[in-house]
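Colleague: Below you will find the structure I want to go over with you.
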Amino acid sequence: MRVSILFIGLALACSFAGIASPANAPSAGAQSSEWHRGFQVIDGVDKSDHATGIREIDLEGLKKLIQRDPKDTRPLLINFWATWCDQCREEFPDLVKIDADYRAKGLNFVAISLDEIGDVKTKVEPFLKEMKAAMPVVLLNVKDAEPAIHTVDPNWQGDMPATFLYDKDGQIVFKHFGRIKPDELRVALDKLVGGKQ
């Protein structure tokens, strides 16, 4: 309950900073690769340079992120987290390891920060550097948290951390609220990536 209240409070605080639109993928040089939701994909593997910073998205950007492109058959793992959330910080090393183990198998993993915009440089980026995180990270900036929560899962109450795994058709095949159990998530991932090398 407390986390839900914090999530709503965060959304209200972020609303005063404005809403940014999602980044557009460049068209030049994309002949040998594809761009999906702002990430460069080569042979089904995310090859984007995520060290360039955190992209800010709004509700429409969130919808585009979870909407499955028919050409992108990779499973999509999304984790909602924040630096002020103790369980989020505790589970993050497990998520970094899962990203490292499954990225080459075709996993598309995006971590969605719910931190305040002003904390990106002072808290979020240093934390990600400390964790040696390589997955793309976006900052969700919405005026009202409820539409974002219901876009992800109508049954989600906004608890954090929250982890969702989507199949190629955009169906949620795994979800967990609170700190993940890595073995359970790996079982779900193995079903989706199978024997991909």
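The values are calculated or read from the model by the stated rules, or taken from the named source; none is laboratory data. Keep in mind it's a predicted model, so treat the numbers as computed, not measured. We place every Cβ from the backbone using ideal geometry, glycine too, and count neighbours over all the protein chains shown.
Colleague: Residue check: is Leu65 closer than 24 Å to Val193 by Cβ, of a type outside the set (Lys, Arg) and at pLDDT 95 or above? Walk me through it before giving the result.
Modeller: Numbers: closer than 24 Å to Val193 by Cβ: yes; of a type outside the set (Lys, Arg): yes; at pLDDT 95 or above: no.
Answer is no for this residue.
Colleague: Now for a different question. Considering each of Val138, Val124, Val142 in turn, give the residue that is assigned to a helix (DSSP H, G or I) and surrounded by 14 or more Cβ atoms within 10 Å (Cβ to Cβ).
Modeller: Working: Val138 fails: assigned to a helix (DSSP H, G or I); Val142 fails: assigned to a helix (DSSP H, G or I).
The unique qualifying residue is Val124.
Colleague: If I ask for residues that are over 24 Å from His150 (Cα atoms) and in contact (Cβ under 8 Å) with a residue 12 or more places away in the chain, which ones from region 166-197 would you list?
Modeller: Pro182, Arg186, Lys191, Leu192, Val193, Lys196, Gln197
Colleague: So is Phe92 aromatic (Phe, Trp, Tyr), surrounded by fewer than 21 Cβ atoms within 10 Å (Cβ to Cβ) and assigned to a helix (DSSP H, G or I) or not?
Modeller: On the way: aromatic (Phe, Trp, Tyr): yes; surrounded by fewer than 21 Cβ atoms within 10 Å (Cβ to Cβ): no; assigned to a helix (DSSP H, G or I): yes.
When the stated conditions are applied, Phe92 does not pass them.
Colleague: Also, quick follow-up: Condition first: closer than 30 Å to Val187 by Cα, surrounded by fewer than 20 Cβ atoms within 10 Å (Cβ to Cβ) and either within 15 Å of the chain's Cα centre (by Cα) or modelled with pLDDT under 95 (or both). Now tell me which residues in region 101-121 satisfy that. Even if it seems obvious, please write down each step before you answer.
Modeller: The initial filter retains those residues of region 101-121 that are closer than 30 Å to Val187 by Cα, namely 101-115.
From what is left, the residues that are surrounded by fewer than 20 Cβ atoms within 10 Å (Cβ to Cβ) are 101, 103-105.
Those that are closer than 30 Å to Val187 by Cα, surrounded by fewer than 20 Cβ atoms within 10 Å (Cβ to Cβ) and either within 15 Å of the chain's Cα centre (by Cα) or modelled with pLDDT under 95 (or both): Arg103, Ala104, Lys105.
Colleague: For region 171-188, which residues satisfy the criterion of being modelled with pLDDT of 95 or more and either more than 14 Å from Leu77 (Cβ to Cβ) or not in a strand (DSSP E or B) (or both)?
Modeller: Phe177, Gly178, Arg179, Ile180, Lys181, Pro182, Asp183, Glu184, Leu185, Arg186, Val187, Ala188
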